[in-house]
Amino acid sequence: MMPRRALLLLASAIVAALIVALWQLVSNLHLVSPIFLPPPDRAWAALLFDIDRGGLGGRVLLTLQHMFFGWLLASFGGILIGSAIGISATARAYLAPTLEFFRPLPASALFPVLIAFFGLTENMVLAVIGFGALWPTLLATINGFATVKPRLYEVARLMRLSRRQFILTIALPNAMPEILAGMRLSLTIALILSVTGEILSGSPGLGHWIMLQARSFRTPDLFAGVLLFGLIGYASVQLVSLLEFWLLRWRGR
């Protein structure tokens, strides 16, 4: 019998193929004007052409750079701040209202404020990504540290571990599954905000390129960018899932 993971991948491929087939059928029957919905073969051809001759590869690299560094900033900040808050019941009690105030604040609402501070620069884009992608990792870290079992504190006292040793050897490994789940969600948010930030700042990344194609009504190129956007998101999440599997391999022992 096929492994469960292989079956899931096969099912996902079948669903994707059905969506593309439905897209092709709608285009062939002209249920939607080709001006607004080009067939998938034209979108794919446009994607290959833009990567080969249209300079799209450099734009994608810039978007990946924004996403990666913004995600790293959010991950390190979320883990450091979250561990400091999560390890202390007093800190959680005092800071919970403040966190609940900032958590639902849309990152896009900060664009005017950050533009005033940084201008339409790369730093502004990274700041927005860092703030927006911070929360899943931060809240997951707090929850992971807050749910450390009381008996583990007793073990730490018996072993005479310092607070730093307790965090590194007991609390952090205990919270790692939730932290990695938060980081995976943060990566998706980082990609979305990278594209949004590039559209608003005019940074020559994938987001700005997609906006230019939309303004020019070049729908095959527009859909090519959207397809590429989806492929980047899928590949990045799969890479984080592999990292999660590697870091948590000890749980299967």
Checklist entry - When the gyration tensor of the range 151-240 is built from Cα positions, what are the square roots of 5 times its three eigenvalues, in whole Å, from largest to smallest? => result 46, 13, 7
Next on the checklist: Over the Cα atoms, compute the radius of gyration (one decimal) and Dmax (the largest Cα-Cα distance, rounded to a whole number) for the range 87-158, in Å.
Outcome noted: 17.1, 55
Item to check | Range of Cα positions in the range 117-184 per principal axis (Å), largest first | outcome: 55, 21, 13
Checklist entry - Picking from ILE87, ILE129, ILE167, which is most flexible by a Gaussian network model of the chain using Cα springs under 10 Å? => result ILE167
Checklist outcome for this item: Ordering 29-42, 202-215 by per-residue average of other C-beta atoms within 10 angstrom, highest first, gives 202-215, 29-42
Item to check | Given charges at Cβ of Lys, Arg, Asp, Glu: the chain dipole, positive-most of ILE189, VAL226, LEU206 | outcome: ILE189
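Calculated from DSSP H runs of 4 or more alone, at -39500 (n - 2.57) each and per residue, what is the 222 nm mean residue ellipticity of the chain, nearest 500?
Values: 11 runs with 198 residues, N = 253.
Value at 222 nm, helices only: -26500 deg cm²/dmol.
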Next on the checklist: I need the semi-axes of the equivalent ellipsoid of the chain: take the C-alpha gyration tensor, multiply each eigenvalue by 5, square-root it, list largest first in whole angstrom.
Outcome noted: 41, 25, 14
Checklist entry - Residue separation times 0.36 nm, minus the C-alpha to C-alpha distance between PHE217 and LEU9: what's the value? => result 71.4 nm
Checklist entry - Once both axes come from the Cα atoms, what is the angle between helix 40-52 and the longest principal axis of the chain, in degrees from 0 to 90, rounded to 10? => result 80
Checklist entry - Angle, helix 122-146 long axis vs. longest principal axis of the chain, Cα atoms, 0 to 90°, nearest 10? => result 40
Checklist entry - How far, in degrees from 0 to 90, does helix 4-28 lean away from the longest principal axis of the Cα atoms of the chain, to the nearest 10? => result 30
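Read-outs throughout are calculated quantities, based only on the coordinates presented, and are distinct from any laboratory measurement. Everything numeric in this text was worked out from a predicted model, so none of it was measured. Because the Cβ atoms are built from the backbone with ideal geometry, glycine has one as well, and the counts that use them run over all protein chains shown.
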